[in-house]
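Please read the structure below before turning to the comments.
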Amino acid sequence: MSRYGALSKRLAAGEVLLLDGAVGTQLQEMGAPMDNAAWAAAALQTHPFTLRRMHELYVAAGCDVITTNTYSSARHNLEPLGLGDSTAELNLRAVMLAQDARDRMAKDREVHIGGAISNFGLLVGGEGRGALHRHARSRQAITADQARANLREQAEILAEAGVDFLMVESTGSMEHRMWIHEACKATGLPVWVGFRCRRDGDDPTIRIGHSSETRFADGLAATVSAGADAICIFHSLIDVTTPAIAEAMALYGGPVGAYPEADRTDYTMTFKNHAEQNKVSPQEYARIAAAWAQSGAQIIGGCCGIGLPYIEPLRAALPRHAGSRRPAAG
């Protein structure tokens, strides 16, 4: 049985899987520098062994799934650092470091590896196929076709390197999400799709991305039509994650998960004591996340700010199996 076959079997049996926590902010905590253009991808060149150690610590804390440090390592993010020609090498390195950590620390249990791909660094200058996209630092315009080619390149590298599945992680519009989704699906690997969800003011409508007007329900419908092996609410505030999980489970019959952020804004600064600055404690987050699992969520971890101090309490708090959920609509 393939590694993902084993993972799929566990999900089908109703198990709750512990995903790892933050990658970028956890690497910051461990001394790796961040970069405005390439975010945590810079650590692939400068701090590979710190990165491996981070993965090892997440596995030791009980994670069932760890995530490659490739959220921001597409070619258009590496080029401003002068590393465009190292795109393949650095993405391969990210996968091999995660594999090495898993093999060293999980000799007696299954730990799975998800390859992360995102729209990080693409700033939309307009909608449609001919839109120009500008890199956050270089301001060098690239076409939509070039952006899509970069995403396909990254997806192929991660798949060939041996990740168990791919993670679509878009904080932007459905246009970007579908570009990433298409690139991932083309590899033939299973795909988990992440949505950054938000609410604006007193409006109860859940929307996607930082500024898109697309309702989460509509974006989810389009994604499900394109094919998804799991739906996750990621990089979202905790108080939005709770209703977004409920909406996802009402509309989608497959596995649903969540890995929210801790409402931080200092993501490219060097700082310490994340847990003391966060608005939610590890114990409080564990209580909230356990309630998600009891309502039927099966994949739970953390994003920016929710790092290693949160994972051990989370492991202890999560039930082994998810609670029953309402049938998906339709």
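Here are the numbers for the structure shown:
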{"quantity": "Which numbered condition residue 187 fails, given (1) surrounded by fewer than 13 Cβ atoms within 10 Å (Cβ to Cβ); (2) among the hydroxyl-bearing types (Ser, Thr, Tyr); (3) within 23 Å of residue 74 (Cα to Cα)", "calculated": "(1)"}
{"quantity": "Extreme residue, nearest to residue 93 (Cα to Cα), among residues of segment 106-137 that are of a type in the set (Gly, Ala, Ser) and at pLDDT below 90", "calculated": "121"}
{"quantity": "Strands (runs of 3 or more DSSP E) fully within segment 144-250 counting 3 or more residues that are closer than 19 Å to residue 292 by Cβ", "calculated": "191-195, 230-234"}
{"quantity": "Helices (runs of 4 or more DSSP H) wholly inside segment 27-111 that include at least 1 residues being farther than 26 Å from residue 171 by Cα and of a type in the set (Lys, Arg)", "calculated": "48-60, 87-105"}
{"quantity": "Residue match in segment 61-78 (condition: among the basic types (Lys, Arg), within 14 Å of residue 163 (Cβ to Cβ) and touching a helix residue (DSSP H, G or I) at 6+ places or on another chain (Cβ under 8 Å))", "calculated": "no"}
{"quantity": "The listed residue being at positive phi and surrounded by fewer than 19 Cβ atoms within 10 Å (Cβ to Cβ), out of 62, 5", "calculated": "62"}
{"quantity": "Members of segment 224-246 found to be more than 21 Å from residue 279 (Cβ to Cβ), touching a helix residue (DSSP H, G or I) at 6+ places or on another chain (Cβ under 7 Å) and surrounded by 17 or more Cβ atoms within 10 Å (Cβ to Cβ), listed by number", "calculated": "231"}
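The values are calculated or read from the model by the stated rules, or taken from the named source; none is laboratory data. Bear in mind the structure is a predicted one, so any value in this text is a computation, not a measurement. Virtual Cβ from ideal backbone geometry, glycine too; neighbours counted across all protein chains shown.
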